[in-house]
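Okay, so here's the structure we're looking at.
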Amino acid sequence: MKDRYESPLSSRYASAFMLELFSAATRIQTWRRLWVALARAEHNLGLPVTGEQVAELEAHITDIDYDCAAAREKEVRHDVMAHVYTYGKAAPSAAGIIHLGATSCYVTDNADLILYREGLRYLRGELLAVLANLARFAEAHKATPTLGYTHYQPAQLVTVGKRATLWMQDLLADLEELDFVLGSLKFLGCRGTTGTEASFMELFEGDGAKIDEMNRQISAEFGFAQCYAVCGQTYPRKVDSRILNVLSSIAQSCYRMANDLRLLQHDRQVEEPFEKNQIGSSAMAYKRNPMRCERICSLSRYLMADAINAPMTASVQWLERTLDDSANRRISMPEGFLCADAVLRLAQNVTDGLHVNEKVVDRTVREYLPFIATENLMMEGVKRGGDRQALHEIIRTCSMAATAKMKEGEPCDLLARLAAEPAFGMTEAEMEAVLEPKLYIGRCAGQVEAFLAQVRPLLAGAARERPEIDL
């Protein structure tokens with residue numbers, strides 16, 4: 001419908017996988033699977049729930065009457081109870097035992113944990129794919145000299161590949177954080193209205209061991225080894241802070257990389273992919289704007305801002321439960337995942353097709369190389385009998401004069417100036433002989449090789465098909 005607002009995250013940026021994961025169909029089917037798991041555990045543990053009722057519930061997980069649920073929600077103003085009612089219509093023999101002993105957060109919170117876990121697993125693969133692209137790029141350019149920058153001012157030489165490892169190192173820190181968050185996720189289980197399990201103490205006639213076993217069976221059915229030790233009505237909202245924080249961290253790393261590439265594309269040293277028929281500007285037909293990197297930066301800013309929602313929500317959870325988290329989380333959590341997905345998809349595209357204009361890179365290097373080589377030239381001058389302090393002062397004054405000429409649009413004449421100084425005892429040709437860029441990249445190539453040797457085991461599973469949703 002073109003007369004209704006549609007989120008650009010859905011219509012333009014996020015993947016089909018992530019859109020399906022956070023769809024109403026996946027969410028409500030997960031609710032129903034949770035109701036089936038609860039009924040199955042209650043049946044196994046002797047409550048008045050029959051195997052036939054469990055089977056009927058299981059047979060109607062996917063045939064959801066959304067119109068019926070919407071009409072019921074308008075009447076009762078409660079989305080979970082609307083779907084309990086709708087599920088009962090689909091499975092009438094089990095209508096009376098759906099949601100037995102549970103509160104709404106049994107389905108809403110546990111479903112969220114399931115969806116977030118699958119989202120994090122998917123993003124992990126997306127992140128590995130970016131790292132794999134960068135690893136290939138770093139290997140290919142590990143010894144390609146390029147001008148380094150500090151304060152965005154020309155500095156000592158590095159290599160194109162070494163710079164890429166700086167981006168990789170940030171992303172690897174994100175991978176470590178993501179793995180920690182995934183490894184620490186637990187299930188809420190079925191804990192009752194204030195987390196006391198009082199309703200189940202009544203149902204199981206005070207048998208706490210059966211309650212523990214019920215929660216163990218439900219958790220295991222969804223692949224969780226543990227429930228949170230204590231809770232109110234919800235799982236701890238600190239979990240949302242951890243999740244959005246790692247998504248924000250990914251955005252920070254991708255932003256840094258994309259911003260670096262935008263600066264380099266300005267100098268025509270490195271370029272993001274540009275399609276044959278791509279239009280860079282509606283007015284300036286010659287332009288090749290770094291639009292993918294700009295989009296990474298734009299979406300990353302949104303994601304970093306979105307991550308503020310979780311700590312603001314976690315900090316105001318009154319006592320055992322308040323509902324002012326609900327509307328915020330319905331927006332901020334899925335959009336955080338969709339945005340991180342979009343950022344990583346763009347980052348994959350950019351890193352898979354990065355182009356290095358090596359002649360431009362070399363020209364830039366050689367423009368500044370006389371300045372970079374001055375320390376070596378000074379050492380050579382000392383070997384030829386010069387005074388180190390006097391040579392240092394000659395280099396300083398000649399460098400300032402050469403820089404002033406360059407600011408007037410003239411070529412660098414530093415070597416000619418130094419050759420004209422008798423104290424150096426070197427001709428311009430002799431000085432030119434030490435202007436080999438690879439003499440000034442230090443251990444860059446070896447650092448890249450050592451770094452990639454550590455990273456490759458992590459990247460072994462990076463090349464893979466996009467997974468189906470498997471909850």
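When the residues of region 342-363 are narrowed to those that are over 23 Å from the mean Cα position of the chain (by Cα) and charged (D, E, K, R), which ends up surrounded by the most Cβ atoms within 10 Å (Cβ to Cβ)?
Of everything passing the filter in region 342-363, Asp362 is surrounded by the most Cβ atoms within 10 Å (Cβ to Cβ).
Within region 168-179, which residues are over 15 Å from Tyr255 (Cα atoms) and either without any contact (Cβ under 8 Å) to a residue 40 or more places away in the chain or in contact with a Leu (Cβ under 8 Å, 6 or more places away or on another chain) (or both)?
Of everything in region 168-179, those that are over 15 Å from Tyr255 (Cα atoms) and either without any contact (Cβ under 8 Å) to a residue 40 or more places away in the chain or in contact with a Leu (Cβ under 8 Å, 6 or more places away or on another chain) (or both) turn out to be Leu175, Glu176, Leu178.
Determine whether Arg301 is in the same structural domain as Ile243 (by TED's automatic domain parsing), modelled with pLDDT of 90 or more, at negative phi and surrounded by fewer than 16 Cβ atoms within 10 Å (Cβ to Cβ).
yes
Every residue in region 217-235 that is assigned to a loop (DSSP other than H, G, I, E, B), farther than 15 Å from Glu197 by Cβ and small (Gly, Ala, Ser), please.
Those that are assigned to a loop (DSSP other than H, G, I, E, B), farther than 15 Å from Glu197 by Cβ and small (Gly, Ala, Ser): Gly223, Ala225.
I need the helices (runs of 4 or more DSSP H) fully contained in region 43-114, keeping only those with at least 3 residues that are surrounded by fewer than 21 Cβ atoms within 10 Å (Cβ to Cβ) and free of Cβ contacts under 8 Å to residues at least 12 places away in the same chain.
It comes to 66-76.
Quick one: Phe424 ticks every box in (1) assigned to a helix (DSSP H, G or I); (2) at pLDDT below 90; (3) among the aromatic types (Phe, Trp, Tyr) bar one, so which box is it?
Unmet condition: (1).
Taking region 285-298, which residues are at pLDDT 50 or above and either in a helix (DSSP H, G or I) or surrounded by fewer than 20 Cβ atoms within 10 Å (Cβ to Cβ) (or both)?
Arg288, Asn289, Met291, Arg292, Cys293, Glu294, Arg295, Ile296, Cys297, Ser298
Do the conditions hold for Leu418, that is, is it farther than 16 Å from Lys162 by Cβ, buried (at least 17 other Cβ atoms within 10 Å of the Cβ) and in contact (Cβ under 8 Å) with a residue 60 or more places away in the chain?
For Leu418, the condition - farther than 16 Å from Lys162 by Cβ, buried (at least 17 other Cβ atoms within 10 Å of the Cβ) and in contact (Cβ under 8 Å) with a residue 60 or more places away in the chain - is not met.
Which residues, taken from region 370-398, are among the hydroxyl-bearing types (Ser, Thr, Tyr) and closer than 15 Å to Leu435 by Cβ?
Scanning region 370-398 gives a single hit, Thr374.
Among the candidates Ala209, Ala225, single out the residue that is under 40 Å from the mean Cα position of the chain (by Cα) and not charged (D, E, K, R).
Ala225
Can you report the number of residues in region 428-441 which are surrounded by 12 or more Cβ atoms within 10 Å (Cβ to Cβ) and out of contact with any strand residue (DSSP E or B) (no Cβ under 8 Å at 6 or more places or on another chain)?
Matching residues across region 428-441 total 7.
The values are calculated or read from the model by the stated rules, or taken from the named source; none is laboratory data. Since the structure is predicted, the reported quantities are computational estimates derived from the model, not experimental observations. Reconstructed Cβ throughout: ideal geometry from the backbone, glycine too, with neighbour counts over all protein chains shown.
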